[in-house]
1. Which is the longest stretch in the chain that no exposed loop site breaks, taking sites as trypsin sites (Lys or Arg not before Pro) with a DSSP loop state and at most 11 other Cβ atoms within 10 Å?
2. Determine the distance separating the Cα centre of region 186-262 from the Cα centre of region 89-134; give it in Å without decimals.
3. Of LYS37/LYS260; LYS37/LYS82; LYS58/LYS250; LYS46/LYS250; LYS169/LYS233, which ones are farther than 25 Å apart at the Cα?
4. Taking all protein chains together and a probe of 1.4 Å, list ILE234, ILE62 from the most accessible to the least accessible.
5. For LYS254, list the aspartates and glutamates whose Cα falls under 17 Å from its own Cα; do not include residues on the same chain fewer than 8 positions away.
6. Considering only DSSP beta bridges with both partners in the chain, what is the antiparallel share in %, to the nearest 5?
7. Peptides 176-182, 23-29: what's the order by average Cβ count within 10 Å, highest mean first?
Amino acid sequence: MSSPVNLGITLYTTQTPNGNKASILLEELNIPYRVHKHNFSARTHKEPWYLKINPNGKIPAITDTFSDGQEIHIWESGSVLKYLVERYDPEYRLWYPHGTRENYELFSWLFFQIGGIGPFQGQATHFLRHVPERIPYALDRYHKESRRLYSVLETQLAQKRQGFIVGDKFTIVDIAFWSIAATAPWAGVDLSEFPAVQEWYERILQRPSVIRGMNVPEPHGVIALAGDQTGTKIREFEEFHRQWVMDGMKEDAKTLDAAKEN
């Protein structure tokens with residue numbers, strides 16, 4: 001069965017774990033795509049034209065020419081992964097056929113990443129790196145829960161002889177978990193606490209498509225900081241992200257207040 005012809009995918013993204021999921025999969029599928037890099041500091045992801053593509057004003061999102069010849073908008077990282085394999089991977093290289101045991105297991109693990117490790121590690125990062133003041137309860141809560149969730153992944157990988165999360169091959173689930181695991185140190189999570197996860201992470205990092213995709217639309221910030229012995233670049237990276245996160249929260253609050261007044 002041949003793959004459908006790609007009539008033009010545009011990926012709207014920036015350098016985040018969720019954005020990496022989409023770019024790594026596109027590289028794995030080896031289909032052409034254009035990249036639109038959002039500037040979070042300038043809040044281009046909140047501009048009206050983009051809200052027509054993704055009403056939530058987040059990344060990633062893609063536009064594609066659908067089978068009816070009309071443009072289709074896909075947003076939310078899990079939905080992007082699902083769309084791309086369903087449309088562009090008919091040989092099931094990166095997922096499993098509908099109705100199979102592995103297909104159901106795959107989407108259970110994908111939803112676990114999206115609803116579990118992803119948001120909890122994101123909150124751990126937020127309270128460790130972004131907020132101006134330390135909030136011990138929040139730091140403890142999100143750090144411990146992130147570690148607990150990684151222990152679930154550890155148990156799964158430790159019993160998988162093929163070394164992948166679902167079935168016997170590399171899938172979109174590995175892409176989703178790897179993308180968030182790559183930023184675990186930034187959340188204060190040490191993957192060496194989880195030997196099977198650590199081995200899996202390092203092995204996946206050797207895939208050429210992962211190396212290409214993780215550096216879209218720019219070099220992977222957290223991985224690049226691993227060799228910063230002085231801590232100077234780490235502090236600059238932290239301050240840059242803290243600024244746009246806090247500014248973004250203020251602007252979102254203003255938008256909500258203005259809508260309430262109207």
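The values are calculated or read from the model by the stated rules, or taken from the named source; none is laboratory data. Please read all numbers here as calculations on a predicted model, not as lab measurements. Using ideal geometry, Cβ is built from the backbone for each residue, glycine included, and neighbour counts are taken over all protein chains shown. Just so you know, the surface numbers come from the protein's heavy atoms only, side chains and all, with ligands and any DNA or RNA stripped out. Shrake-Rupley method; radii C 1.70, N 1.55, O 1.52, S 1.80 Å.
1. Longest stretch, sites excluded: 162-262.
2. 16 Å
3. Over 25 Å Cα-Cα: LYS37/LYS260; LYS169/LYS233.
4. Largest accessible area first, the residues go ILE234, ILE62.
5. Qualifying aspartates and glutamates at Cα under 17 Å: GLU47.
6. In the chain, approximately 60 percent of DSSP beta bridges are antiparallel ones.
7. Final packing ranking: 176-182, 23-29.
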